[in-house]
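K.L.:
Before anything else, here's the structure in question.
Read the figures in this text as sums done on the coordinates, not as results from a lab. Owing to the predicted nature of the structure, the values given are computational and were not obtained by experimental measurement. FYI the Cβ positions are ideal-geometry reconstructions off the backbone, even for glycines, and counts take in every protein chain you see.
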Amino acid sequence: MPAAVEPSADIVVDIVDDQLLIRDLLGDGLGKEKGVALRHRFPSAESALRAWLQTPPDVAVMDIELPGMNGVAAAVKAKRQHPAIRILLLSSHSHPRLLERLPADVQGGWGYMLKDHVSIQNVSEAVCQLHRTGVWMSAAPPEHDGRFDLTPRQGALLALIGQGLNNEAIADRLGISRKSVENQINRIYATLGLGEQDSDTNRRVVASQIAGSIIDINL
């Protein structure tokens, strides 16, 4: 009788990131790490979810800011289909307390790392610890909880700023006067702590960056 083949103890890892450079950097590096079996590199959440219907990885290293379905929504869907999967979220923006705000039915098995901290060593350590313990945080979250005291109208206006619309286009989109847009934007600047000492262009750029850092996780 032939000897039984001992199953591999390697951690099966898939990478999901729309940036080819990140996929290549992490893929080539993790593929050489002992104890890690790099399997697939996906450019979108949709392509990953299709593949995972049959065989999910042990750990998915997933960018949050993906075109189409964002990484958080995709990861939640994957966790609901395969509760044992571990998810390491990567982001260019700080999303304080993101993991605390995930739906109750998918809690556990999550990690979070800013892309500023991404290196082969850091991601490899995160993957191994996440697989072993079910948790990983690359750094303590900032004290600010990432939520601002904005009205629904101001939130919608901030999102349009993030899309690059000027005041006239925002007024047309929301069906309000340009003067109302200007007043609301000034209130948004005040709420975000953007003082008048900064130019309007600089304040608008910062507001746009903040809009881009807010992820909808009402899933």
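K.L.:
Please give the contour-minus-distance gain from LYS34 to LEU192: 0.36 nm per residue of separation, less the Cα-Cα distance, rounded to one decimal in nm.
P.N.:
52.4 nm
K.L.:
Turning to a different aspect of this structure: Please give me the summed charge of the neighbours of THR133: other residues whose Cβ is under 14 Å from its Cβ, Lys and Arg +1, Asp and Glu -1.
P.N.:
Net charge in that neighbourhood comes out at 0.
K.L.:
Here is a further query. 5 Å is the cut-off here: which amide hydrogens, built 1.01 Å from N in the peptide plane, fall below it relative to VAL12, excluding neighbours closer than 5 in sequence?
P.N.:
ALA37, ASP58, VAL59
K.L.:
May I pose another question? Tabulate in residue order the Karplus-calculated ³J(HN,Hα) for segment 15-27, using 6.51 cos²θ - 1.76 cosθ + 1.60 with θ = phi - 60°, rounded to whole Hz; enter x for Gly and Pro.
P.N.:
10, 10, 7, 7, 8, 4, 4, 5, 4, 5, 4, 6, x
K.L.:
Taking the highest mean first, how do the peptides 114-121, 155-162 order by number of other beta carbon atoms within 10 angstrom per residue?
P.N.:
155-162, 114-121
K.L.:
Just how large is the dipole of segment 11-137 about the Cα centre, in debye to the nearest 20, putting +1 at every Lys and Arg Cβ and -1 at every Asp and Glu Cβ?
P.N.:
It comes to approximately 340 debye.
K.L.:
Using label points projected 7 Å from each Cα along Cα→Cβ, tell me how many nm separate GLN121 and ALA169, to one decimal.
P.N.:
4.4 nm
K.L.:
Near LYS79, which lysines are there with a Cα under 28 Å away, not counting those fewer than 8 places off in the same chain?
P.N.:
Partners found: LYS32, LYS34, LYS115.
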